[in-house]
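*Asks:* Shown below is the structure under consideration.
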Amino acid sequence: MLNFFEYVGISTVGELAAIPLSELTRFRGFKTKCKAEMILFIEAEGLQKLYADFAQWKTSGINNR
């Protein structure tokens, strides 16, 4: 996940929160493992409140375009 953050230029939680969860899967390299790590990160840091659609996104599949 850290490699992904570097790739897209994310260095703060604010920058991460500015990207809708549904858009993350459109980035090249964001796959199932990265999503699983992102879910764990969001839950561990208590960031669910930043994402209204977190519960739905968490259970949806990866749909890269």
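*Asks:* So if I check each of G14, G61, which one is out of contact with any His (no Cβ under 6 Å at 6 or more places or on another chain), at pLDDT below 90 and among the small types (G, A, S)?
*Replies:* Values: G14 fails: at pLDDT below 90.
On inspection, the qualifying residue turns out to be G61.
*Asks:* Answer yes or no as to whether S60 is in contact with a helix residue (DSSP H, G or I) (Cβ under 7 Å, 6 or more places away or on another chain) and open to solvent by 30 Å² or more (accessible area, probe 1.4 Å).
*Replies:* On the way: in contact with a helix residue (DSSP H, G or I) (Cβ under 7 Å, 6 or more places away or on another chain): no; open to solvent by 30 Å² or more (accessible area, probe 1.4 Å): yes.
Spelling it out, it is not the case that S60 is in contact with a helix residue (DSSP H, G or I) (Cβ under 7 Å, 6 or more places away or on another chain) and open to solvent by 30 Å² or more (accessible area, probe 1.4 Å).
*Asks:* For I10, which of the numbered conditions (1) in a loop (DSSP other than H, G, I, E, B); (2) closer than 21 Å to S60 by Cα fails to hold?
*Replies:* I10 satisfies all of (1) in a loop (DSSP other than H, G, I, E, B); (2) closer than 21 Å to S60 by Cα except (2).
*Asks:* In the range 20-44, what residues are of a type outside the set (F, W, Y), outside any helix (DSSP H, G or I) and closer than 16 Å to K58 by Cβ?
*Replies:* Let us first name the residues in the range 20-44 that are of a type outside the set (F, W, Y), namely 20-26, 28-29, 31-40, 42-44.
Applying the additional criterion that residues be outside any helix (DSSP H, G or I) yields 20, 25-26, 28-29, 31.
Answer for the range 20-44, where residues must be of a type outside the set (F, W, Y), outside any helix (DSSP H, G or I) and closer than 16 Å to K58 by Cβ: P20, T25, K31.
*Asks:* Among the residues of the range 42-57 satisfying the criterion of being within 21 Å of N3 (Cα to Cα) and loosely packed, with under 14 Cβ neighbours inside 10 Å, which is nearest to the chain's Cα centre (by Cα)?
*Replies:* E43
The values are calculated or read from the model by the stated rules, or taken from the named source; none is laboratory data. Here the structure is a predicted model, which means the values were calculated and not measured. FYI the Cβ positions are ideal-geometry reconstructions off the backbone, even for glycines, and counts take in every protein chain you see. Keep in mind that these areas ignore ligands, DNA and RNA; they rest on the heavy atoms of the full protein, side chains included. Shrake-Rupley method; radii C 1.70, N 1.55, O 1.52, S 1.80 Å.
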